[in-house]
1. Could you give me the residue pairs with C-beta distances under 6 Å whose first residue belongs to region 223-238 and is touching a residue at least 12 places away in the same chain (Cβ under 8 Å), whose second residue is of a type in the set (Lys, Arg) and part of a helix (DSSP H, G or I) wherever it lies, and which are 6+ apart or on separate chains?
2. Among the numbered criteria (1) at pLDDT 95 or above; (2) within 17 Å of the chain's Cα centre (by Cα); (3) crowded, with 16+ Cβ neighbours inside 10 Å, which one does residue 200 miss?
3. Mind checking which helices (runs of 4 or more DSSP H) fall wholly inside region 30-123 and carry at least 2 residues that are within 13 Å of the ligand (Cβ to nearest atom)?
4. Within region 154-162, does at least one residue satisfy the condition of being more than 9 Å from the ligand (Cβ to nearest atom) and without any contact (Cβ under 8 Å) to a residue 12 or more places away in the chain?
5. Residues 144, 180: which one is among the charged types (D, E, K, R) and over 22 Å from residue 86 (Cα atoms)?
6. Of everything in region 129-153, what is of a type in the set (A, V, I, L, M, F, W, C) and either farther than 19 Å from residue 21 by Cβ or more than 16 Å from the ligand (Cβ to nearest atom) (or both)? Give them in sequence order.
7. For residue 150, work out the one condition from (1) surrounded by fewer than 22 Cβ atoms within 10 Å (Cβ to Cβ); (2) in contact (Cβ under 8 Å) with a residue 60 or more places away in the chain; (3) not hydroxyl-bearing (Ser, Thr, Tyr) it doesn't fulfil.
8. If you take the residues in region 193-225 that are of a type in the set (Val, Ile, Thr) and more than 7 Å from the ligand (Cβ to nearest atom), which one is farthest from residue 104 (Cα to Cα)?
Amino acid sequence: MAKKSPQEQIERASRLVENQALIIGASSDMARAMSYLLASRGWNLILAGRNLKDLRDQSSDLQIRHKIIAEPMTLDLLDERTIRKRIRALDGVPELTVCFAGLMLSEDEARKDSEVVHKILGTNFTGVVQAINSVAEQLEEEGRGTIAVVSSVAGDRGRSSNYHYGSAKAGLTAYLSGLRNYLFHRGVHVVTVKPGFVRTSMTEGMPLPGPITGSPQKVAQDIWKAIEKKKNVVYTLWMWKWIMLIIRNVPEFVFKRLKM
Ligand SMILES: NC(=O)c1ccc[n+]([C@@H]2O[C@H](COP(=O)([O-])OP(=O)(O)OC[C@H]3O[C@@H](n4cnc5c(N)ncnc54)[C@H](OP(=O)(O)O)[C@@H]3O)[C@@H](O)[C@H]2O)c1
């Protein structure tokens with residue numbers, strides 16, 4: 001392989017775009033709150049997702065309100081052939097990536113329909129893994145940067161009400177733990193975000209218990225704090241850490257009898 005000239009080495013080193021964040025699943029209510037929080041702190045944004053019109057509108061609004069650069073980007077996590085290509089096509093690698101993409105579908109339908117299972121696993125697990133791998137390989141080359149990914153408390157223990165979704169999130173949580181371990185030695189930080197209940201379009205119409213239900217804005221604040229403090233795993237709201245500690249420790253012979 002030809003040796004790189006000093007000029008080429010300088011150009012290589014500049015592929016990391018400082019003060020720029022890639023938001024994956026940017027139409028989500030939590031992502032929207034995160035985008036506004038980051039923009040208010042002067043971050044430039046790339047908003048990735050499937051709904052280009054919504055992302056264009058959001059980008060314009062962010063630019064006007066916060067005088068930052070925001071641009072939309074099409075990314076469908078179920079279209080596996082295009083994920084890496086699209087992320088590699090970005091002009092450099094953003095210093096920060098935050099992924100919110102996720103999908104919860106009917107458990108009854110998942111039990112009967114393999115297409116529904118494919119969508120749940122593809123959106124919450126394999127698609128996210130492919131996107132994050134594409135970001136991670138570039139940050140690894142740079143030796144710095146941060147990746148934060150929204151998993152779920154649902155991944156901490158399988159329950160009858162959402163075990164397809166929960167198992168995809170459990171896979172995602174394990175992937176992030178391994179990725180953090182791998183990237184730690186390469187200067188890149190990985191944050192696993194585990195929300196409990198949050199009031200968003202995903203939970204619309206569900207009876208959510210007020211005191212342990214968060215808002216998208218609170219989740220965004222908690223994610224930002226976790227990024228700043230280089231936390232590894234963050235539960236939001238905080239009490240979910242203790243709720244899940246109890247739930248994880250219920251013996252299986254008792255747990256299987258519960259209706260959850
Ligand atoms: N709400 C809760 O109580 C709760 C609790 C724990 C964890 N979470 C997790 O938090 C994250 C954000 O969820 P949310 O509550 O804000 O729900 P949401 O508003 O429904 O957001 C889900 C996001 O995922 C995107 N998405 C779905 N399929 C996609 C695909 N194939 N390719 C790219 N993007 C896709 C959606 O984009 P489109 O607009 O294109 O569909 C949407 O932006 C998710 O990962 C969710 O699993 C939520």
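The values are calculated or read from the model by the stated rules, or taken from the named source; none is laboratory data. Because the structure is a prediction, the values reported are computed rather than measured. Counting neighbours? That spans all protein chains shown, and the Cβs are built from the backbone with ideal geometry, glycine included.
1. Short answer, once both residue conditions are applied: 235/241.
2. (1)
3. Details: elements: 52-66, 80-88, 107-112, 114-121.
Filter on region 30-123 gives 52-66, 80-88, 114-121.
4. Scanning region 154-162, I find no residue that is more than 9 Å from the ligand (Cβ to nearest atom) and without any contact (Cβ under 8 Å) to a residue 12 or more places away in the chain, so the answer is no.
5. Working: 144 fails: over 22 Å from residue 86 (Cα atoms).
Exactly one of 144, 180 is among the charged types (D, E, K, R) and over 22 Å from residue 86 (Cα atoms), namely 180.
6. Applying the first criterion (of a type in the set (A, V, I, L, M, F, W, C)) to region 129-153 yields 129, 131-132, 135-136, 139, 147-150, 153.
Answer for region 129-153, where residues must be of a type in the set (A, V, I, L, M, F, W, C) and either farther than 19 Å from residue 21 by Cβ or more than 16 Å from the ligand (Cβ to nearest atom) (or both): 129, 136, 139, 153.
7. Condition (1) is where residue 150 drops out.
8. Going through region 193-225, the residues of a type in the set (Val, Ile, Thr) turn out to be 193, 198, 200, 203, 212-213, 219, 223.
Now drop any that are not more than 7 Å from the ligand (Cβ to nearest atom), which leaves 193, 212-213, 219, 223.
Values: 193: 17, 212: 20, 213: 17, 219: 18, 223: 21 Å.
Among them, the one singled out is 223.
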